[in-house]
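The next block holds one structure in the form of structure tokens; read it before the comments.
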Amino acid sequence: MITLDNHRLKEEMMKLANGNYIRPPARYSWWMRQGRYWRYMMRELSSLFIGIFCFILVWGLFRLAQGEAAFNHWTNELWYQSAGLCWLIFLFATYHSYTWFMVTPKAMPIKLNGKRVAAYIIIGAHFLLWLFASLVVWYAFIYGGNT
Amino acid sequence: MNKLVDTQDPNTTQPLPKASNKPIIWSLFAAGGTITALLIPILVFVIALAVPLGLLSADLFSYARLVELANNPLVKIILFFVISLSLWHAAHRLRITAHDFGLRADGFVMFFLYGLAAVTTMFLGWILLFL
């Protein structure tokens, strides 16, 4: 209790080295103050939805191993009872991809003949790769088992 | 003395920089992020959204077809790496996000999230190997 109160006091006012007091940023709500903080938090929050999707996939594989009835139950739940969650996962995952590819020129700057490759080329190449990977998954899933 | 040079000058007693595990952790994080970014949106779309939208036939998700697909060793390897890398990437990010949301019990958060990721990875490996 005492430590909590001390903590709260410290949170409210913070003494600087020069003797001035400042109000530190709000611990829980700082990210609501500016659009870019908000976007940063939404990008980071995408990890929650991606994690949930990984659990859904693992669970689906487990249900597949349990037999036809269990698996059909899982697909039914996924398609018709969790549609809202699935759309949320899709939107967050797409936003994560967008932000991930937008920072690639900063994360892996490429030099050719001593000159930096322009950012839009690196970003564009990644978006093309994304499109290509998506098409591969789409067609591999449709035609993969038919040979 | 250039501290960034990896070799030791024999005339000085300056020790070599200590080997760090950060490159391995960060390469896994980057690999997980790239795989997540490239594949998770389309996987969600194919697996969860395309059938209710009427874009794919539910026959493609028939039990017999998917059992055959999932028994392909290549599919198993891909599934294992895609799911586990995405999961570990998400767990690491969520740990940082918990801190950003004001939850400062990092020890507990780390234990919980990495533990969950580890258990799920083992569960996934068990399903793919034995079931």
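The values are calculated or read from the model by the stated rules, or taken from the named source; none is laboratory data. What you are looking at is a predicted structure, and each value in this text was computed from that prediction instead of being measured. Reconstructed Cβ throughout: ideal geometry from the backbone, glycine too, with neighbour counts over all protein chains shown.
Each row is one residue, and each column tells you yes or no for (1) under 15 Å from A:Ile52 (Cβ atoms); (2) out of contact with any Gly (no Cβ under 9 Å at 6 or more places or on another chain).
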| position | (1), (2) |
| --- | --- |
| B:Ile35 | no, yes |
| B:Ala58 | no, yes |
| B:Pro73 | no, yes |
| B:Lys76 | no, yes |
| B:Ile83 | yes, yes |
| B:His89 | yes, no |
| B:His92 | no, no |
| B:Arg95 | no, yes |
| B:Asp100 | no, yes |
Taking region A:77-108 and keeping residues at the interface with another protein chain (Cβ under 7 Å from one of its Cβ atoms) and β-branched (Val, Ile, Thr) leaves A:Ile89, A:Thr94
Checked against (1) without any contact (Cβ under 8 Å) to a residue 12 or more places away in the chain; (2) crowded, with 18+ Cβ neighbours inside 10 Å, B:His92 satisfies every condition except (1)
Look at A:Leu85 and say whether it is modelled with pLDDT of 95 or more and under 24 Å from B:Ala118 (Cβ atoms). no
For region A:15-49, which residues satisfy the criterion of being aliphatic (A, V, I, L, M) and part of a helix (DSSP H, G or I)? A:Met32, A:Met41, A:Met42, A:Leu45, A:Leu48
All positions within region A:101-138 that are assigned to a helix (DSSP H, G or I), among the β-branched types (Val, Ile, Thr) and exposed (fewer than 15 other Cβ atoms within 10 Å of the Cβ): A:Ile121, A:Val136
Filter pass, B:Leu43 being touching a helix residue (DSSP H, G or I) at 6+ places or on another chain (Cβ under 7 Å), more than 8 Å from chain A (Cβ to nearest Cβ) and surrounded by 13 or more Cβ atoms within 10 Å (Cβ to Cβ): no
Are there any helices (runs of 4 or more DSSP H) wholly within region B:33-107 with 1 or more residues that are in contact with a Ser or Thr (Cβ under 7 Å, 6 or more places away or on another chain), and if so which? B:73-100
Could you tell me which numbered condition B:Val109 fails, if it satisfies all but one of (1) surrounded by fewer than 18 Cβ atoms within 10 Å (Cβ to Cβ); (2) more than 19 Å from A:Leu57 (Cβ to Cβ); (3) more than 8 Å from chain A (Cβ to nearest Cβ); (4) of a type outside the set (D, E, K, R)? (1)
